[in-house]
Amino acid sequence: MRFVPGGTFRMGSDRFYPEERPVRQVRVDPFWIDVMPVTNRDFAAFVEATGHVTLAEIAPDPGDYPGMPPEMAMPGSLVFTRTDGPVDLDDYSRWWSFRFGADWRHPSGPESDLSELWDHPVVHIAYADAEAYARWAGKALPTEAEWEFAARGGLDGCDYAWGDELAPGGAMLANYWQGAFPYANDLLDGWERTSPVGYYPANAYGLHDLIGNVWEWTADWWALPQRHRKPFKGACCIPANPRGGRERDSHDPATPGVRIGRKVLKGGSHLCAPSYCQRYRPAARHAQAVDSSTSHIGFRCVMRPAHGD
């Protein structure tokens, strides 16, 4: 882990997606954060020690999902597959499919394994799985504000974790999609899916892979940022260690029959592309149902000093 000193910073962005607005000043206390995302090797040690079974390895209960066909009540997870050509980018079902037998041990489906992926981020992790690992490790999941502060590495207000240019001088500084999504990946960064943790340069806090590679769970319930009603009149008025919304308000309005809370994901993934999803940035955020797992979601942990330390 690395120590992050805490401080005041401008959270969010006014230059990209609506859910990142408005930019607001917040303050976070010092904390420790994992240098890299939790890897398959790390997660395997946790499973061996505890016997933990991930959500993707458990058949869903049709009673929890009104209208779910009975034949879908089998263990599995969402897996990305390239399309053969251009498709409607509003229809994510063209590249995402629920694959029976996909889980953290079998990231691309039941025929796959971890033989060359031990140092890659663990994926197919639902929120409860990440939380269970954090408890076992004596750690916690970061808040959205902690995560974003760490990802910025002291570069307050910059678009990316290394400045305001995505690929300065053509350098690939993170694992994201180059080319026309979701069918033409030019692989300028060398990776079709996840990459080994630490493959790309660390930010100024010595942290790797906070941008791209895999989305990362945070502890905050999804909510849209609120604009402060009154202008700040000094540091005493800047929110300290802000948290997200409430579980009951985080539900997806598009699925009123399924009352499942959503947490904030941060950092983007190897599937974010300039042509589709420019969320390989500290300010970027995404709502994810806590019962969902996919081939591009992982996590890392934090530790907070005890009061007075």
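The values are calculated or read from the model by the stated rules, or taken from the named source; none is laboratory data. In this text the structure is predicted, and so the values were computed from the model without any measurement. Virtual Cβ from ideal backbone geometry, glycine too; neighbours counted across all protein chains shown. For accessibility, only protein heavy atoms count, side chains too; no ligands or nucleic acids. Shrake-Rupley method; radii C 1.70, N 1.55, O 1.52, S 1.80 Å.
Restricting the range 145-171 to residues that are more than 18 Å from Met1 (Cα to Cα) and of a type in the set (Phe, Trp, Tyr) leaves a set whose member that is most open to solvent (accessible area, probe 1.4 Å) is Trp162. Restricting the range 249-279 to residues that are more than 17 Å from Ala184 (Cβ to Cβ) and among the hydroxyl-bearing types (Ser, Thr, Tyr), the residue that is surrounded by the fewest Cβ atoms within 10 Å (Cβ to Cβ) is Thr255.
Cβ-Cβ distances below 6 Å connect the following pairs, each with a first residue in the range 174-201 that is over 28 Å from Gly153 (Cα atoms), a second residue that is small (Gly, Ala, Ser) and in a loop (DSSP other than H, G, I, E, B), and a separation of six or more residues or different chains: Ala180/Ser275; Phe181/Ala273; Phe181/Ser275; Tyr183/Gly85; Asn185/Gly179; Asp186/Gly179. Taken over the range 297-309, the criterion of being in a loop (DSSP other than H, G, I, E, B) and either touching a strand residue (DSSP E or B) at 6+ places or on another chain (Cβ under 6 Å) or within 19 Å of Gly244 (Cα to Cα) (or both) is satisfied by Phe299, Arg300, Cys301, Arg304. Out of all the residues in the range 186-204, which are surrounded by fewer than 20 Cβ atoms within 10 Å (Cβ to Cβ) and touching a Gly at 6+ places or on another chain (Cβ under 6 Å)? Passing the criteria: Asp186, Ala204.
Within the range 35-52, work out how many residues are among the aliphatic types (A, V, I, L, M), in a loop (DSSP other than H, G, I, E, B) and open to solvent by less than 50 Å² (accessible area, probe 1.4 Å). Please lay out each step first, then the result.
Taking the range 35-52 as the starting set, the residues that turn out to be among the aliphatic types (A, V, I, L, M) are 35-36, 38, 44-45, 47, 49.
After this cut, where a residue has to be in a loop (DSSP other than H, G, I, E, B) as well, the list is 35-36, 38.
Remaining after also requiring open to solvent by less than 50 Å² (accessible area, probe 1.4 Å): 35, 38.
Residues that pass the stated criteria total 2.
To keep it simple, each residue is scored yes or no on (1) open to solvent by less than 10 Å² (accessible area, probe 1.4 Å); (2) touching a residue at least 24 places away in the same chain (Cβ under 8 Å); (3) not in a loop (DSSP other than H, G, I, E, B).
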| site | (1), (2), (3) |
| --- | --- |
| Asp90 | no, no, no |
| Ser108 | no, yes, no |
| Asp113 | no, no, no |
| Trp118 | no, yes, no |
| His124 | yes, yes, no |
| Arg135 | no, no, yes |
